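Each remark here refers to the structure printed beneath this line.
The values are calculated or read from the model by the stated rules, or taken from the named source; none is laboratory data. Quantities reported herein were computed from a predicted structural model and do not represent experimental measurements. Don't worry about glycine lacking a Cβ; one is built from the backbone with ideal geometry, like all the others, and counts go over all protein chains shown. The protein model used for the area step is the full one, side chains on, heavy atoms only, and it has no ligands, DNA or RNA in it. Shrake-Rupley method; radii C 1.70, N 1.55, O 1.52, S 1.80 Å.
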Amino acid sequence: MYKVALIGAGLQGRRRVTPILSSKNCKLAWVCDRHIERAQSLATNTNARTTADWHDIANDPEVQLVLVLTPPDSHFEISSAMLNKGKHVLCEKPLTRSSQHAKELATLAKNNNLILKCGFNHRHHPAVTEAYKKVQSGEYGKPVFIRAKYGIGGRQDVKNEWRSDPKIVAGGQLMEQGIHLIDLISWMTGGIEEVSCMTTTSIFPIAPLEDNAFVLLRSTNGALSSVHSTLCQWINEFEMEIYTEKGFICIQGLGASYGVEKLRHGINIPGRPFTHETIEYRGGDISWEAEWNEFISAIQNKSQPIGNGTDGANAVAAVELAYLANKQKQTLSFSKVKQ
């Protein structure tokens, strides 16, 4: 029985507590939030202890797994402390505010033989999982280009949220939501090599953070990708189109306000009418439960999880490079920047 601690009792805490409580081999031991009443509310009817100080969890030798669900400015401090205490960590995205700190976390986990998983729950949506399997099967050929968009309508008081504070976050909408697309493209294509980017702050008064970002990517396998991440899309939408040498695989929707999650796919056979299949994944969002189960499986099997610390660091590094490309008005490659 794993004893689990949850640090951060906000929206992500409410999303992630249910799979923990439903797990047969896990027990929620602690809930921590700087607002103690929020921790107490989330811990209701669980017998979990509550605290406003995450050090109480770090110093509890019985805690084996920790979820870090706080704002990004505290990810590195809390996660590194937990890893140094011998605890496995699932940390919300972005893994840290800088790729350097993210790389340090990945190294720390490796050196201590611990599991570090970045909270990329989108990898665990059923349509995304199936799309990845189809890409990896080789049946469709290698990806040639990807078009991806992920947008929401920003709340009117978004300027007052911690997500709009440059002292807390590492970027605007691209780092907050678009990083999911960056991670998925890297996962599907084997890594990102070149980046160009344009950003604007068009509607919401959150400068120097952006409410719109357009990014072009070249993957290490030569595939080209476009990403649009925005706060100014009044109808919530998620779409990722993967066109390959032999066909296409398209993911639409994430459930709830993004619409029914769908996977459309088909193979082009020269000389024959083009056909495709559509699969609809109805019901609630199962990605949180799937992500948690995969985390536990990685710990039990002593294997790297889907979306590990290195993946988290690579995604932050790609967004950092996009911001630098926008600032310098250039297309930048990781190899040239490293030189």
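Among Lys302, Lys142, Lys134, the largest mean-square fluctuation in a Gaussian network model of the chain (Cα springs under 10 Å) belongs to Lys302. Taking a quarter of the surface of the Cα convex hull of segment 1-150 gives a mean projected area of 10.9 nm². Surface composition of segment 18-177: carbon and sulfur atoms hold 45% of the protein heavy-atom accessible area at a 1.4 Å probe. Each Cα pair under 8 Å and six or more residues apart adds its sequence gap; the mean of these over the residue count of segment 93-238 is a relative contact order of 28 percent. Bridgeable lysines around Lys24 (alpha carbons under 24 Å apart, same-chain partners fewer than 8 residues away excluded): Lys3, Lys87, Lys117, Lys302.
Taking the Cα centre of segment 108-245 as origin and assigning +1 to Lys and Arg Cβ atoms and -1 to Asp and Glu Cβ atoms, the resulting dipole is close to 340 debye. Ordered by 1.4 Å accessible area with all protein chains kept, Ile203, Ile20 run largest first as Ile203, Ile20.
Pairwise inverse Cα distances across segment 242-339, averaged and inverted, put the Kirkwood hydrodynamic radius at 17.6 Å.
Note that the chain presents 47 Å² accessible area per residue, ligands and nucleic acids not counted, probe 1.4 Å.
At the residue level, Tyr258 shows approximately 50 square angstrom of accessible surface with a 1.4 angstrom probe and all protein chains present. Towards the positive end of the charge dipole of segment 198-321, with charges on Cβ (+1 Lys, Arg; -1 Asp, Glu), say which of Phe214, Thr230, Ala256 has the farthest Cα. Value computed over the given set: Phe214. Net charge dipole, the chain: roughly 460 debye, given to the nearest 20, about the Cα centre with Cβ charges of +1 for Lys and Arg and -1 for Asp and Glu.
Put simply, the C-alpha atoms of segment 101-164 give a gyration tensor, and the ellipsoid matching it has half-axes of 29, 26, 11 Å, longest first. Based on the alpha-carbon gyration tensor of the chain, what equivalent-ellipsoid semi-axes (square roots of 5 times the eigenvalues) come out, in whole Å, largest first? Over the Cα atoms of the chain, the ellipsoid semi-axes are 32, 23, 20 Å. Accessible surface of segment 224-276, 1.4 Å probe: 56 percent of it comes from carbon and sulfur atoms. Where only DSSP H runs of four or more residues are counted, the chain gives -9500 deg cm²/dmol as its mean residue ellipticity at 222 nm, each run worth -39500 (n - 2.57). When you work out D = kT/(6 pi eta Rh) for segment 7-66 at 25 °C and 0.890 mPa s, using the Kirkwood radius from C-alpha pairs as Rh and the Stokes-Einstein form, the result is 213 µm²/s. The magnitude of the dipole of segment 181-315, with charges of +1 and -1 set on the Cβ of Lys/Arg and Asp/Glu and taken from the Cα centre, is near 360 debye.
Computed from Cα atoms, the angle from the helix 99-111 axis to the main principal axis of the chain rounds to 60 degrees. Select from Gln64, Gln300, Gln233 the residue whose mean-square fluctuation is largest in a Gaussian network model of the chain (Cα-Cα springs shorter than 10 Å). Greatest mean-square fluctuation among the candidates belongs to Gln300.
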